[in-house]
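Below is one structure, written out as structure tokens, with a few remarks after it.
The numbers here are math on the coordinates, done by the rules we state, and not lab data. As the structure is a computational prediction, the values presented were derived from the model and not from experiment. With ideal geometry, Cβ positions are generated from the backbone for all residues, glycine too; neighbour counts draw on all protein chains shown.
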Amino acid sequence: MPTAEKRAVLDEITEHLRNANAIYVAKYTGMSVAEANKLRGAFRKGDVFFKVYKNKLMKLAMEEVGGYDDIIPQLQEQNGFAFVEEELSAPAKVLKDFIKENNNKPEFKAAIVDGEFYGGDKLDALAAMKSKNEIIGDVLGLLMAPINNVIGGLQAQGSNIVGAVKTIAEKGEN
């Protein structure tokens with residue numbers, strides 16, 4: 001039975017897991033305190049909640065919430081966890097940029113995004129995912145294209161008709 005302090009942390013983790021649509025696991029072993037703080041800052045700028053929890057408490061919370069069986073084996077060594085509700089690719093983009101700038105640290109281990117498991121080799125694919133706003137923009141663009149084509153066609157036809165009437169009128173005056 002966990003102590004009251006551990007129970008409070010367990011409840012906090014459980015709440016994050018229930019609210020998140022994606023969770024990313026990154027191994028931060030070998031990072032200096034300055035690098036770890038820089039990583040936290042990068043996640044903060046990306047509007048991603050990132051925190052280091054003990055693997056045992058994370059495992060208990062994942063078992064309590066359910067749906068995390070694939071990621072539990074990744075809970076080895078020192079891990080940090082990124083939780084996100086909306087922009088599911090945001091943690092991947094932050095990690096990819098940070099890893100590139102900081103000698104391949106931290107190591108991306110795995111993620112669960114919308115219930116799907118992604119292993120450590122899928123960071124590039126996750127980072128390439130479009131954000132919710134980008135997808136909405138694409139859909140609106142597709143919906144607006146036919147309307148813009150009709151309006152453009154009507155405007156072009158109207159100008160052609162006006163031009164033809166004007167030409168006929170000018171010939172009639174001569």
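Structural remarks
- Extension gain from D11 to E170, taking 0.36 nm per residue of separation minus the Cα-Cα distance: 48.9 nm
- Fully extending the segment from K122 to N19, taken as 0.36 nm per residue of separation minus the present Cα-Cα distance, adds 34.8 nm.
- When the listed pairs K100/K122; K27/K100; K59/K130; K59/K122 are checked against a 20 Å cut-off, the alpha-carbon distance exceeds it for K59/K130; K59/K122.
- Listed by Cβ neighbour count within 10 Å, with the fewest neighbours leading, S32, S89 appear as S32, S89.
- Diffusion of the range 4-129 by Stokes-Einstein, at 37 °C in a medium of 0.692 mPa s and with Rh set to the Kirkwood radius over alpha-carbon pairs, works out to 228 µm²/s.
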